[in-house]
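The values are calculated or read from the model by the stated rules, or taken from the named source; none is laboratory data. Fair warning: this is a prediction, and the values are worked out from it, not measured in the lab. Cβ placement follows ideal geometry from the backbone for every residue including glycine, while neighbour counts extend to all protein chains displayed. When the accessible area is computed, the model is the full protein with side chains, heavy atoms only, and any ligands, DNA or RNA have been set aside. Shrake-Rupley method; radii C 1.70, N 1.55, O 1.52, S 1.80 Å.
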Amino acid sequence: MSFRKIFTQHIHEEKCHSLSFYQKNGGYEQARKSLHDWQPDDLIETVKAANLRGRGGAGFPTGVKWGFVPKNTDKPKYLAVNADESEPGTFKDRLIMEKNPHLLLEGIIICCKAVGIHHAYIYIRGEFVFAANRLQNAIDRAYSEGILGENCLGSDFTLDVTLHRGAGAYICGEETGMLSSLEGDRGQPKLKPPFPAVEGLFGCPTVVNNVETLANLPYILEIGAEAYGKIGPEKSPGPKLFCVSGHVEKPGVFELPMGISLRTLIDEHAGGVWKGRKLKAVIPGGSSAHVLRADECDVDMDIESLAAAGTMLGSAGVIVMDETTCMVDALLNIMRFYHHESCGQCTPCREGTGWLEKIAHRIAIGEGRMEDMDLVTEVCDRMVGKTICALADAAAFPAESIVNKFREDFVAAIENGGSPAWIKRHPASTGGAATHV
Amino acid sequence: MTETLAFSSEAMKKYEWLLTRYPTRQAALLPTLRIAESEFGELGVPQMRYVADLMEIPPALVFGVVTFYTHYRRAGVGTYHLQVCSTLSCALRGAGDVVQRITERLGIGTGETSECGLFTLSKVECLGSCDTAPVIQCNDDYHEGLSLEDVDALIQQLRDEAGKGSA
């Protein structure tokens with residue numbers, strides 16, 4: 001079967017986001033069938049059989065997650081759609097929401113029918129104002145056409161969808177942080193268990209799914225679990241949106257089968273490393289992933305292959321760095337991010353991210369010591385697995401891999417009085433500078 | 001001062017609709033703060049107090065929420081909030097130069113507001129538009145794939161828009 005694009009097929013058409021365009025191309029047919037013809041359990045089994053894995057970062061099997069929600073409960077159940085898209089290097093869900101918002105809504109209807117949910121909240125990051133407006137217009141249209149609300153698409157099913165804007169916090173992309181934020185609180189993650197499927201939003205059973213994950217559902221119903229399972233590798237199949245940014249000729253979102261090779265993605269789809277330069281490093285799955293050296297980039301972009309390579313597919317945010325990049329500066333940039341975004345609840349994360357930034361900073365400005373490289377590893381060891389959520393891990397993974405895989409850059413910065421960029425800006429500096437970047 | 005603040009009837013209608021969308025009142029806090037932001041132009045202490053009174057939730061909780069997030073429009077921010085994405089993908093494609101250019105053109109550093117009150121410069125974290133780096137979010141709008149000339153043009157355009165002419 002040849003590969004068919006399901007998210008981006010029509011994105012160059014001017015009216016691709018409109019309801020009429022969507023319906024003309026078969027839109028809402030699968031939602032209609034799921035509401036009228038499908039039994040909830042059969043929907044869950046089909047999504048399990050298709051082996052759809054979550055597209056937000058963790059790669060958890062979607063049907064299995066749905067199956068954790070208690071069937072007989074007096075409490076309402078909720079769907080919280082994760083549209084926070086805050087992982088650096090990731091910009092795929094924005095594309096779906098801006099260009100194909102009804103595809104997301106159709107996926108939401110199918111999920112809600114499967115799990116017996118009557119209210120879905122879409123948590124969209126606050127910065128995405130344009131996408132939020134597009135999505136709200138799509139929701140309003142869907143209500144006025146009887147697609148949402150009471151008697152969805154002529155069935156006896158009721159479904160409300162509420163768009164909820166965040167306000168700028170990376171941690172709200174973490175599922176329990178997002179639920180705290182939806183409840184009107186600071187976006188601080190909560191201890192698991194209880195897992196959201198049992199006790200989530202407002203203390204009720206909650207499914208948390210990513211935008212791209214849900215947008216797969218109409219296609220799974222259309223072609224069936226078996227055919228879907230044959231797209232890409234067996235253990236993590238399906239069409240996938242890959243985001244490529246950084247030092248490439250043509251950055252962008254590319255829809256390809258899961259398991260495409262990283263080299264092909266960079267060289268053919270993203271136009272190769274820019275300015276005819278050589279590749280130095282790649283972050284394959286958002287900035288929380290372990291970095292790959294150029295000689296480690298012969299790897300396929302799927303969950304198992306990247307795990308075997310010691311990193312992760314994550315959110316499929318591929319950040320490419322060319323030979324001129326100083327990895328000390330890259331480390332400082334990434335650590336500043338995590339330190340800024342740590343919610344501060346857990347000591348290993350609040351203090352650890354601060355220390356990692358501080359160490360990277362002093363190496364970058366020529367105040368580093370050779371022991372600092374081992375100190376980074378030591379700090380990372382004290383962070384991983386020791387906190388409520390995975391933000392500490394997300395900072396430690398790039399930190400330890402950058403320092404250990406690019407030691408030569410760190411040695412040079414320590415010996416030469418700072419990173420090349422720092423020395424260029426401060427030619428007289430020989431280290432020990434009092435001013436800061 | 002708090003007495004002088006009040007939602008317009010249209011804003012109040014929006015707020016009341018919001019309350020119907022959530023099983024708890026507090027869940028409507030984030031969107032209500034967005035209404036307050038657009039009604040009052042900024043979220044300073046009086047505006048936060050107003051929202052706390054309106055929603056009958058403790059002011060400390062409202063302050064805690066507003067200050068946890070970076071994207072609310074806080075008191076003292078200029079007419080145009082130039083938020084330069086400084087995370088890795090943008091940094092690799094010249095975000096640092098964009099910040100420097102704005103500093104040169106406007107004479108303000110990061111976190112500062114120009115004397116005319118028109119511009120505030122901030123470095124922000126990933127805006128989720130890495131393929132069009134470097135990116136500035138000015139108030140609600142994204143300006144993407146910026147060259148240094150584009151930065152100059154943007155500043156000029158905003159000055160013209162504000163009707164104050166070029167300085």
Of all residues in the range B:89-102, which are touching a residue at least 24 places away in the same chain (Cβ under 8 Å), part of a helix (DSSP H, G or I) and within 13 Å of chain A (Cβ to nearest Cβ)?
B:Ser89, B:Cys90, B:Leu92, B:Ala95, B:Asp97, B:Val99
How many residues does the range A:90-126 contain that are in contact with a Phe, Trp or Tyr (Cβ under 8 Å, 6 or more places away or on another chain) and of a type in the set (Asp, Glu)?
2
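Can you tell me how many residues in the range A:69-117 are of a type in the set (D, E, K, R) and more than 26 Å from B:Cys90 (Cβ to Cβ)? Before you say what the answer is, go through the steps one by one.
At the first step, the residues of the range A:69-117 found to be of a type in the set (D, E, K, R) are A:71, A:74-75, A:77, A:84-85, A:87, A:92-94, A:98-99, A:106, A:113.
Remaining after also requiring more than 26 Å from B:Cys90 (Cβ to Cβ): A:71, A:74-75, A:77, A:106, A:113.
Residues meeting the conditions: 6.
Can you pull out the helices (runs of 4 or more DSSP H) entirely within the range A:360-422 that have at least 3 residues that are closer than 17 Å to A:Ser287 by Cβ and not aromatic (Phe, Trp, Tyr)? Before you say what the answer is, go through the steps one by one.
Details: elements: A:371-381, A:391-405, A:407-416.
The helices (runs of 4 or more DSSP H) meeting that bar are A:391-405.
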What is the residue count in the range B:108-131 for residues that are part of a strand (DSSP E or B) and either without any contact (Cβ under 8 Å) to a residue 12 or more places away in the chain or within 14 Å of chain A (Cβ to nearest Cβ) (or both)?
3
Output for the range A:107-164, where each listed residue is in a helix (DSSP H, G or I) and small (Gly, Ala, Ser)
A:Gly107, A:Ala114, A:Ala131, A:Ala132, A:Ala138, A:Ala142, A:Ser144, A:Gly154
Exactly one of (1) open to solvent by less than 10 Å² (accessible area, probe 1.4 Å); (2) of a type outside the set (D, E, K, R); (3) closer than 30 Å to A:Val282 by Cα is unmet by A:Phe60. Its number?
(1)
Is it the case that some residue within the range A:364-376 is on the phi < 0 side of the Ramachandran plot and within 25 Å of the chain's Cα centre (by Cα)?
no
Sole residue being closer than 23 Å to A:Gly271 by Cβ and either surrounded by fewer than 23 Cβ atoms within 10 Å (Cβ to Cβ) or among the aromatic types (Phe, Trp, Tyr) (or both), chosen from A:Ala316, A:Ala294, A:Ala330, A:Ala309
A:Ala294
Evaluate the range A:307-318: report whether one residue or more is closer than 13 Å to A:Ala395 by Cα and in a helix (DSSP H, G or I).
no
Of all residues in the range A:29-57, count the ones that are over 27 Å from A:Ile124 (Cβ atoms), among the charged types (D, E, K, R) and open to solvent by less than 30 Å² (accessible area, probe 1.4 Å).
0
Can you name the residue in the range A:165-222 that is farther than 22 Å from A:Pro88 by Cβ and among the hydroxyl-bearing types (Ser, Thr, Tyr) and, of all such residues, is surrounded by the fewest Cβ atoms within 10 Å (Cβ to Cβ)?
A:Tyr219
Having 1 or more residues that are at negative phi, of a type in the set (Phe, Trp, Tyr) and touching a helix residue (DSSP H, G or I) at 6+ places or on another chain (Cβ under 7 Å) is the bar; report the strands (runs of 3 or more DSSP E) wholly within the range A:198-299 that clear it.
A:239-246, A:252-257
